[in-house]
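Data first, discussion second: the structure below is written as structure tokens.
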Amino acid sequence: MTIQYQIRPGAYYDSVILMQLQKSLAGLPGVTDAGVVMATPANRELLAASGFALAGIEAKADDLLIIVTGESETAVADAIAQVGDLLQQRRTTAAQAYRPHSLKAAAANLPAAEWVLISVPGRFAAAVADEALDLGKHVFLYSDNVSLEDEVELKQKARAKGLLLMGPDCGTAVINGVGLGFANRVRRGDIGIVAASGTGLQAVNAEIHNLGGGVSQAIGTGGRDLKAAVGGVTARQALDWLRRDPQTNVIVLISKPPSEQVAADLLRDAQHAGKPVVVNFIGFPPPGRRLGNLIFASGLTDAAEHAVQISFAKAAQLTQKRRPLHGYLRGLFSGGTLAYEMLLGLQTILSPLYSNLSSDPEKRLADLTTSQANTIIDLGEDEFTQGRLHPMMDNDLRLRRLRQETADPGVDLIVLDVVLGEGAHPDPAGELAPAIAAAKKAGKRVVAIVVGTEDDPQDLNDQIERLAAAGATVFPNVNEALDYVYNRLPAAENAAPSVSFNSGELAAINVGLESFYDSIKAQGGTAVQVDWRPPAGGNEKLMAILAKMKEMKK
Amino acid sequence: MNIEQANETAVTRMMAARPILKTVAPARDVIPRMRKNLLLHAGPPIAWERASGPMRGAIVGALIYEGLAKDWDSAEHLVTSGQIDLEPCHEHGAAGPMAGLISASMKVYVMENVTHGNKAYSGLNEGYGKVLRYGAYSEEVLTKLRWMNDVMGPILADALALGDGLDIRALLAESLHMGDEGHNRNKAGSLLFTTKLAPLIAKVVDDKETEAKILQFLGDNALSVLNPVMAACKAMADAGHGVAGSTIMTVMARNGTDLGIRVSGLGDQWFTGPVGQPKGLYFPGFTEEDASGDIGDSTITETAGIGAFAMASAPAIVTFISGTPELALNTTLKMYEITHGEHTAFTIPALGFRGTPVGVDIRKVVELGIRPQINTGIAHKDAGVGQVGAGLVLPPMNVFEEALVAYAERYLG
């Protein structure tokens with residue numbers, strides 16, 4: 001067994017080329033194994049882990065390190081001698097028309113390009129993305145190892161410019177019928193997809209196609225987009241874009257577990273899409289099956305099926321415009337489970353939301369006698385019933401609280417439950433109706449959930465009529481009450497300029513993996529490949545100076 | 001401070017400069033701080049000890065021409081003993097091809113940038129064969145030099161005095177549309193130059209023989225206009241020099257040993273590195289083995305946005321490196337990536353009359369790792385043999401990196 005290596009200083013090749021070279025070398029006669037990497041500390045570790053002895057090899061991060069093991073000195077030396085030719089082959093087949101080296105030159109070459117695909121090594125990716133945004137381009141950022149801070153900064157910048165930044169670590173998207181990155185070939189149609197999950201997007205894409213449906217646009221956001229720190233910037237922009245896109249009739253929203261706040265914002269946006277939105281947040285309890293225009297799917301396949309069904313039915317009915325909530329919601333419940341069901345349904349869409357039922361100390365009501373922001377109270381909890389009857393029998397406490405909420409200028413909607421039946425108060429409407437009327441008079445809206453039957457001693461219909469006469473909107477269950485709320489959510493704040501792009505033929509600039517460029521061309525898109533090299537040859541000192549000079553420009 | 005704005009100022013000044021050939025005069029009368037014991041040479045500063053073959057030969061020739069030395073040994077002694085000073089042409093507003101030697105009594109073209117008032121100088125071109133600029137110093141060489149200085153020089157001065165001078169920027173703009181790039185290929189430009197001078201020369205020369213000899217000398221030499229072009233480029237580049245905060249390269253020059261650059265915002269500091277070995281086509285009987293290191297101030301053309309930068313307008317030139325016309329086009333396209341702007345006076349028909357790439361920005365050179373392309377003649381490494389080929393060469397990367405570091409120290413604290 002013999003081992004030899006070669007260092008090519010300052011030679012940069014993208015990793016796909018190097019992997020191909022590695023494969024070619026390993027396949028030569030007498031060669032046991034080969035490693036071809038840019039000699040970064042991480043790559044050296046990888047090589048060491050796969051059994052290459054690296055002691056004594058002095059190579060810098062920007063050097064190309066080629067290491068070959070084999071049966072004999074000659075076999076190994078022969079293999080190493082072929083490196084130049086193998087690299088040359090790759091290059092000459094690629095060399096055709098002029099390839100720009102900078103994004104700026106590429107943009108001048110193909111002014112129609114609205115998209116820049118970036119798949120350079122992570123530590124360089126943010127700077128390239130930043131430059132693309134400066135040039136007014138939407139970005140598909142495939143590179144990973146981009147810091148969270150950089151992601152937030154880039155996305156804020158993109159948002160302020162009305163540009164979309166997909167990624168980092170965005171593996172897939174379909175724009176104008178052309179798959180970017182790893183993407184299945186799917187027919188064009190009227191289903192738009194927003195996904196914070198690469199394989200999720202691919203799975204739904206493929207399933208939609210296989211079910212006979214088609215995709216208008218599929219936008220990946222990068223896996224961290226729905227984390228609180230990022231705030232779902234890209235997903236919200238994408239949703240807004242699909243909302244306005246005349247070619248999209250149904251929207252599918254997919255994510256790995258999102259942050260609660262971001263999910264709430266996103267669902268509020270979705271609520272205002274004016275189109276059916278199929279939602280599948282993995283690992284996130286859906287508040288119901290169907291609320292307003294939102295359809296909560298149980299999984300990726302289910303999401304695709306729903307979307308295709310709606311697409312086929314062309315059931316893209318626009319939701320009616322209703323007066324949106326302009327203040328807080330206060331739920332005053334006598335039934336614990338009803339209160340809990342309401343709380344779960346609202347927690348995805350209303351924030352902040354407090355309750356005496358919440359197990360999360362941050363969301364627990366600090367003072368039981370005073371509501372905070374949006375509040376759901378179960379007045380049947382022990383802390384309220386000490387020394388008094390349960391609120392199903394005694395409305396006194398609820399009436400007092402109702403007056404309190406009525407007097408609160410921050411409140412818009414009050415939700416009550418009225419549970420009828422044996423043992424309950426003989427005439428809850430008789431006591432509640434005047435208080436409801438007073439609330440109405442004070443400009444509040446009141447929803448009453450009435451649970452009972454026609455055979456109950458209180459007479460269900462009579463109770464409903466009197467509550468309605470006092471001004472309450474009456475529902476027979478929590479789900480319908482939630483639906484009422486969902487249909488009245490105010491639009492989440494999004495003051496940024498809208499994203500727009502030409503939905504005709506795709507024109508893009510590719511920086512990084514050449515296979516992405518080939519793939520766009522093969523799918524009928526127009527593309528320019530940038531002959532990218534690490535800035536300043538990867539020299540940290542010079543890069544720092546250049547970065548400082550760029551900062552001065554701003 | 002705004003770098004972009006500083007560069008915009010520097011490059012706008014370079015493009016607005018209008019170099020007019022005013023006259024021909026002895027160096028000592030017109031070049032600042034010129035003196036009897038001073039020789040100007042191409043490239044950054046160089047001492048005898050490190051000078052290349054052609055540079056040494058040219059120094060010897062110039063000293064014999066001036067009557068200060070009689071042979072190689074006495075010339076070498078004068079220089080190494082410090083009795084003769086060597087200074088770069090570029091430190092005196094001048095630019096010389098190959099070894100670029102200018103001595104006190106030699107006649108030089110006087111170029112005036114009528115927009116900004118600065119002047120630039122370059123010697124008279126000797127043509128091909130055994131010439132001083134390649135380090136030849138035989139009697140034959142010196143005889144030709146004397147004729148140029150004593151006969152042709154005064155006639156050119158008289159001829160130019162008849163008019164308002166020759167607008168070399170306009171001449172270049174025209175020759176770029178006729179297949180020249182202004183550095184390695186000046187065929188069209190030299191004919192235009194001769195055509196414009198001919199009627200003036202005819203008016204000031206009585207002797208038909210002399211007139212015919214001068215016109216033939218200018219017309220036969222496809223490099224006649226190279227020296228006025230270099231002086232013009234020097235006048236344009238100098239107009240962009242000295243803008244505080246600018247990262248635009250205003251000088252790039254080689255002495256056969258080192259290549260040096262200067263940067264607009266970095267004053268008179270040179271950044272030097274070892275010259276490259278040109279790749280190209282060799283005349284029959286010569287190979288790369290015979291070549292001197294890259295030499296000459298003619299890279300002032302690339303500095304001013306022509307030469308290799310305008311290669312797209314001179315596709316014929318790629319035969320030097322057995323390339324395709326596409327290579328010429330691609331070279332120009334590549335240079336756009338490291339330059340600040342596109343020239344308003346020089347345009348390229350093949351690129352839809354786009355302006356030539358002008359104003360090398362050292363930031364872009366370092367960031368993209370793209371070095372300014374140079375088209376050049378190749379000198380023999382031994383003094384006096386002459387030109388052995390022509391081809392392409394690149395400057396060393398370190399000069400740009402070091403200039404960037406110096407910039408950071410000066411401006412970024």
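The values are calculated or read from the model by the stated rules, or taken from the named source; none is laboratory data. Keep in mind the model is a prediction, meaning the values are calculated, not measured. Glycine gets a Cβ as well: all are built from the backbone with ideal geometry, and neighbour counts include every protein chain shown.
Here are the numbers for this structure:
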read-out: Complete set of residues in region B:308-362 that are at pLDDT 90 or above, more than 16 Å from B:M249 (Cβ to Cβ) and of a type in the set (V, I, T); value: B:T331, B:T332, B:T344, B:T347, B:I348
read-out: Residue selected from region B:138-194 under the condition among the polar types (S, T, N, Q) and part of a helix (DSSP H, G or I), by the criterion nearest to B:A58 (Cα to Cα); value: B:T143
read-out: Single residue of region A:380-401 satisfying the filter (at pLDDT 90 or above and farther than 14 Å from A:P428 by Cα) that is surrounded by the fewest Cβ atoms within 10 Å (Cβ to Cβ); value: A:R400
read-out: Near pairs, Cβ below 9 angstrom, 6+ apart or cross-chain, from region A:95-106 (more than 7 Å from every other protein chain (Cβ to nearest Cβ) and over 15 Å from A:I118 (Cα atoms)) to any residue that is part of a loop (DSSP other than H, G, I, E, B) and at pLDDT below 95; value: A:R99/A:D531
read-out: All positions within region B:64-113 that are assigned to a loop (DSSP other than H, G, I, E, B), under 19 Å from B:I300 (Cα atoms) and not small (G, A, S); value: B:P97, B:M98, B:L101
read-out: From the options A:A183, A:A108, A:A112, residue that is at pLDDT below 95, closer than 25 Å to A:P246 by Cβ and not assigned by TED's automatic domain parsing to the domain that holds A:V233; value: A:A112
read-out: Options B:T195, B:T210, B:T115; residue that is in contact with a helix residue (DSSP H, G or I) (Cβ under 9 Å, 6 or more places away or on another chain), more than 29 Å from B:S52 (Cα to Cα) and without any contact (Cβ under 8 Å) to a residue 12 or more places away in the chain; value: B:T195
read-out: Conditions (1) at pLDDT below 90; (2) part of a loop (DSSP other than H, G, I, E, B); number of the one not met by A:L267; value: (2)
read-out: Test result for B:V60, more than 29 Å from B:K203 (Cα to Cα), in contact with a Phe, Trp or Tyr (Cβ under 9 Å, 6 or more places away or on another chain), without any contact (Cβ under 8 Å) to a residue 60 or more places away in the chain and not assigned by TED's automatic domain parsing to the domain that holds B:A345; value: no
read-out: The lone exception for A:F501 - which of (1) within 23 Å of A:K161 (Cα to Cα); (2) modelled with pLDDT of 90 or more; (3) away from every other protein chain (no Cβ under 14 Å) it fails; value: (2)
read-out: Out of A:V120, A:V139, A:V146, A:V152, sole residue that is closer than 30 Å to A:D169 by Cβ, aliphatic (A, V, I, L, M) and within 14 Å of another protein chain (Cβ to nearest Cβ); value: A:V120
read-out: Unmet criterion (only one of (1) free of Cβ contacts under 8 Å to residues at least 40 places away in the same chain; (2) β-branched (V, I, T); (3) farther than 27 Å from B:A10 by Cβ) for B:T332; value: (3)
read-out: Scope region A:240-264; condition crowded, with 24+ Cβ neighbours inside 10 Å, more than 15 Å from A:S197 (Cβ to Cβ) and within 16 Å of the chain's Cα centre (by Cα); matching residues; value: A:L242, A:I251
read-out: Those helices (runs of 4 or more DSSP H) lying entirely in region A:311-408 with at least 1 residues over 21 Å from A:A437 (Cα atoms), assigned by TED's automatic domain parsing to the domain that holds A:G421 and free of Cβ contacts under 8 Å to residues at least 60 places away in the same chain; value: A:336-347, A:382-385
read-out: Residues of region A:422-434 classified as under 12 Å from A:P457 (Cα atoms) and either touching a strand residue (DSSP E or B) at 6+ places or on another chain (Cβ under 8 Å) or outside the structural domain of A:M393 (by TED's automatic domain parsing) (or both), total; value: 1
read-out: Scan of region A:157-172 for residues that are surrounded by 24 or more Cβ atoms within 10 Å (Cβ to Cβ) and on the phi < 0 side of the Ramachandran plot, ordered by number; value: A:A158, A:L163, A:L164, A:L165, A:M166, A:P168, A:C170, A:T172
read-out: Close pairs (6 angstrom Cβ cut-off, 6 or more residues apart or separate chains): basic (K, R) in region B:274-303, part of a strand (DSSP E or B) anywhere; value: B:K279/B:G391; B:K279/B:L392
read-out: Subset of region A:189-206 [over 20 Å from A:A273 (Cβ atoms) and modelled with pLDDT of 90 or more]; value: A:Q202, A:A203, A:A206
read-out: Residue within region A:340-347 that is more than 21 Å from A:E480 (Cα to Cα) and either touching a Lys or Arg at 6+ places or on another chain (Cβ under 8 Å) or small (G, A, S) (or both) present; value: no
read-out: Region A:282-297, residues that are modelled with pLDDT under 90 and either closer than 19 Å to A:A218 by Cα or among the small types (G, A, S) (or both); value: A:I282, A:G283, A:G288, A:G292
read-out: B:T301 vs. criteria in a helix (DSSP H, G or I), among the polar types (S, T, N, Q) and either away from chain A (no Cβ under 14 Å) or surrounded by 24 or more Cβ atoms within 10 Å (Cβ to Cβ) (or both); value: yes
read-out: Residues (among the charged types (D, E, K, R) and under 30 Å from A:E362 (Cα atoms)) located in region A:236-274; value: A:R236, A:K256, A:E260, A:D265, A:R268, A:D269
read-out: Check on B:S175, of a type in the set (S, T, Y) and either free of Cβ contacts under 8 Å to residues at least 40 places away in the same chain or more than 25 Å from B:P325 (Cα to Cα) (or both); value: no
read-out: Residues (in contact with a Lys or Arg (Cβ under 8 Å, 6 or more places away or on another chain) and either of a type in the set (G, A, S) or modelled with pLDDT under 95 (or both)) located in region B:107-125; value: B:A120, B:S122, B:G123
read-out: Residues being without any contact (Cβ under 8 Å) to a residue 40 or more places away in the chain and closer than 17 Å to A:Y340 by Cα - total across region A:439-474; value: 3
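For every residue, the table says whether it meets (1) within 7 Å of chain B (Cβ to nearest Cβ); (2) in contact with a Pro (Cβ under 9 Å, 6 or more places away or on another chain).
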| residue | (1), (2) |
| --- | --- |
| A:E514 | no, no |
| A:I520 | no, no |
| A:Q523 | no, no |
| A:A527 | no, no |
| A:D531 | no, yes |
| A:N539 | no, no |
| A:A544 | no, no |
| A:M552 | yes, no |
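Yes/no per residue for (1) part of a loop (DSSP other than H, G, I, E, B); (2) hydrophobic (A, V, I, L, M, F, W, C):
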site	(1), (2)
A:R123	no, no
A:A129	no, yes
A:G136	yes, no
A:V139	no, yes
A:S143	yes, no
A:R159	no, no
A:L163	yes, yes
A:D169	yes, no
A:A173	no, yes
